[in-house]
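Report on one structure; see the data block that follows.
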Amino acid sequence: MSGAPQRVVATAPGKINLSLRVGAADERGYHALATVFQAADLLETVEARLPQDPGALTLTVDSRVRGDVPVDTSNLALRAAALLRAETGTTQGAALHITKRVPVAGGMGGGSADAAAALVALNRLWRLGLSDRELMLLGAGLGADVPFAVLGGTALGTGNGDQLQRVPAPAPLTWLLCAPGGHLATPEVFRAFDALAAQADAQPPRTPRADQHQLAALAAGDREAIARSLANELHEPAVHLRPDLQEILSALREHGALGAIVSGSGPTLAALVRDAQHGEEVSARVREDRGDLECTLTRSSPYGARIVAVD
Ligand code: C5P
């Protein structure tokens, strides 16, 4: 690759938390987690171009999903660009364009994927030469799920979910993702978790432990065992805020999903299915009762944020 690129396009995956164990909150209100993340082949795309006006940072969004996407400075891709400039001292600008396919505020880390793709694209466009590791460290300052969106594949997240360790998961998995409309704000779901724990007089652990059975099932590529191990401790608070999620989860299971969980803080639901055909069947049956559900089939992905075009 020679010369300065004018345009770089990067993609980054949405994620599913195959298990999510929640511990105590720290003084900032961030909770200790032990979670197994899996990247989905449901991608955010960020195109970064050198702008007409050299120092300008602008953003446009083409969303293929329901929900409002902020295009102001609260947008995580713009925040990623501002952070890269602050950290490296570069004064270069960029015109960013996001194509959104991951549900908005759906518990699948779509905003984090935008940040991850923006970091990777701008690192190349601005010729900063940062390593993926450095981008992951920077990304952790933007959101707890950003480092995973850079890394991809399947990984154990500890700390606030930002301390990552790859885990072997050789079997490709097929997921049916169902977005029931509306969204859940992650901080609100964590607050409901705290309130429900206080009500039950429960003390969440300081350091939750990873689910070893799930790690073994993933390593063995045993889909039935993986399905049995799917578990999310944000399930209860998410269902507390959105009682209809419980019904949809039950319907997904009744209609043949191997397992089904609330994805992250919800409200997207992730159902493990045998293959695409099985997924279509489950989707058709569930949507007979809930025609408003937007269901998409996807597969697990080995990739994190990566560059797909440079010119
Ligand atoms: O890091 P991110 O911006 O995605 O987190 C959004 C919110 O979710 C945080 O402000 C916090 O309220 C909550 N959160 C948490 N513990 C985590 C991650 C997120 O309480 N480990």
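Among the residues of the range 241-254, how many are within 23 Å of Arg66 (Cβ to Cβ), open to solvent by 10 Å² or more (accessible area, probe 1.4 Å) and of a type outside the set (Lys, Arg)?
Final tally of qualifying residues: 6.
Would you check if there is a residue in the range 128-145 being open to solvent by 40 Å² or more (accessible area, probe 1.4 Å), within 15 Å of the ligand (Cβ to nearest atom), in a helix (DSSP H, G or I) and farther than 30 Å from His240 by Cα?
Yes, some residue in the range 128-145 is open to solvent by 40 Å² or more (accessible area, probe 1.4 Å), within 15 Å of the ligand (Cβ to nearest atom), in a helix (DSSP H, G or I) and farther than 30 Å from His240 by Cα.
Scan (1) open to solvent by 70 Å² or more (accessible area, probe 1.4 Å); (2) touching a Phe, Trp or Tyr at 6+ places or on another chain (Cβ under 9 Å); (3) not in a strand (DSSP E or B) for the single condition Arg299 breaks and write down its number.
Status for Arg299: all satisfied but (3).
So, of the residues in the range 2-26 that are touching a Ser or Thr at 6+ places or on another chain (Cβ under 7 Å) and β-branched (Val, Ile, Thr), which turns out to be nearest to Leu43 (Cα to Cα)?
In this case the residue turns out to be Thr11.
For the range 197-221: of the residues being without any contact (Cβ under 8 Å) to a residue 12 or more places away in the chain and within 18 Å of Leu156 (Cβ to Cβ), which is surrounded by the fewest Cβ atoms within 10 Å (Cβ to Cβ)?
Gln212
Is at least one residue of the range 50-71 assigned to a loop (DSSP other than H, G, I, E, B), in contact with a strand residue (DSSP E or B) (Cβ under 6 Å, 6 or more places away or on another chain), within 16 Å of the ligand (Cβ to nearest atom) and farther than 24 Å from Pro208 by Cβ?
yes
Mind counting the residues in the range 157-183 that are within 15 Å of the ligand (Cβ to nearest atom) and crowded, with 23+ Cβ neighbours inside 10 Å?
Final tally of qualifying residues: 2.
Residue by residue, here is whether (1) among the small types (Gly, Ala, Ser); (2) in contact with a Lys or Arg (Cβ under 6 Å, 6 or more places away or on another chain); (3) assigned to a helix (DSSP H, G or I); (4) within 30 Å of Ala284 (Cβ to Cβ) holds:
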site: Phe193; (1), (2), (3), (4): no, no, yes, no
site: Pro208; (1), (2), (3), (4): no, yes, no, no
site: Ile226; (1), (2), (3), (4): no, no, yes, yes
site: Val239; (1), (2), (3), (4): no, no, yes, yes
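Filter the range 24-49 down to residues that are within 9 Å of the ligand (Cβ to nearest atom) and in a strand (DSSP E or B) and give me whichever is most open to solvent (accessible area, probe 1.4 Å). Give the steps one after another, and end with the answer.
Pass one, the range 24-49, residues within 9 Å of the ligand (Cβ to nearest atom): 25-26, 28-33, 35.
With in a strand (DSSP E or B) added as a condition, the list becomes 25, 31-33, 35.
Details: Ala25: 50, His31: 12, Ala32: 20, Leu33: 20, Thr35: 1 Å².
Filtering the range 24-49 for residues that are within 9 Å of the ligand (Cβ to nearest atom) and in a strand (DSSP E or B), the one most open to solvent (accessible area, probe 1.4 Å) comes out as Ala25.
Restricting the range 83-108 to residues that are at pLDDT 95 or above and either surrounded by 24 or more Cβ atoms within 10 Å (Cβ to Cβ) or of a type in the set (Asp, Glu) (or both), which is farthest from the ligand (Cβ to nearest atom)?
Ala94
Of all the residues that make up the range 156-191, how many are over 29 Å from Glu294 (Cβ atoms) and either in a loop (DSSP other than H, G, I, E, B) or free of Cβ contacts under 8 Å to residues at least 24 places away in the same chain (or both)?
Looking only at that region, the number is 9.
Please indicate, with yes or no, whether at least one residue in the range 237-244 is away from the ligand (no atom under 15 Å from the Cβ), closer than 30 Å to Ala24 by Cβ and charged (D, E, K, R).
Of all residues in the range 237-244, those away from the ligand (no atom under 15 Å from the Cβ) come to 239-240, 242-244.
Narrowing the set further to residues that are closer than 30 Å to Ala24 by Cβ leaves 239-240, 242-244.
Those left that are additionally charged (D, E, K, R): 242, 244.
Checked the range 237-244: at least one residue is away from the ligand (no atom under 15 Å from the Cβ), closer than 30 Å to Ala24 by Cβ and charged (D, E, K, R).
From the residues in the range 184-196 that are open to solvent by less than 50 Å² (accessible area, probe 1.4 Å) and modelled with pLDDT of 95 or more, which one is farthest from Arg306 (Cα to Cα)?
The initial filter retains those residues of the range 184-196 that are open to solvent by less than 50 Å² (accessible area, probe 1.4 Å), namely 184-185, 189-190, 192-193, 196.
If we keep only those that are modelled with pLDDT of 95 or more as well, we get 189-190, 192-193, 196.
Values: Val189: 31, Phe190: 31, Ala192: 35, Phe193: 34, Leu196: 39 Å.
Among those that are open to solvent by less than 50 Å² (accessible area, probe 1.4 Å) and modelled with pLDDT of 95 or more, it is Leu196.
Filter the range 255-273 down to the residues that are more than 16 Å from the ligand (Cβ to nearest atom) and either surrounded by fewer than 18 Cβ atoms within 10 Å (Cβ to Cβ) or in a loop (DSSP other than H, G, I, E, B) (or both) and list them by number.
Selection gives His255, Gly256, Ala257, Leu258.
Give the residue, chosen from Glu233, Glu224, that is among the acidic types (Asp, Glu), away from the ligand (no atom under 16 Å from the Cβ) and within 18 Å of Leu18 (Cα to Cα).
Just a single option satisfies the conditions, and that option is Glu224.
The values are calculated or read from the model by the stated rules, or taken from the named source; none is laboratory data. The structure presented is a predicted model; accordingly, all values stated were derived computationally and were not measured. Neighbour counts run over all protein chains shown; Cβ positions are idealised from the backbone, glycine included. Ligands, DNA and RNA are excluded from the accessible area calculation, which covers all protein heavy atoms including side chains. Shrake-Rupley method; radii C 1.70, N 1.55, O 1.52, S 1.80 Å.
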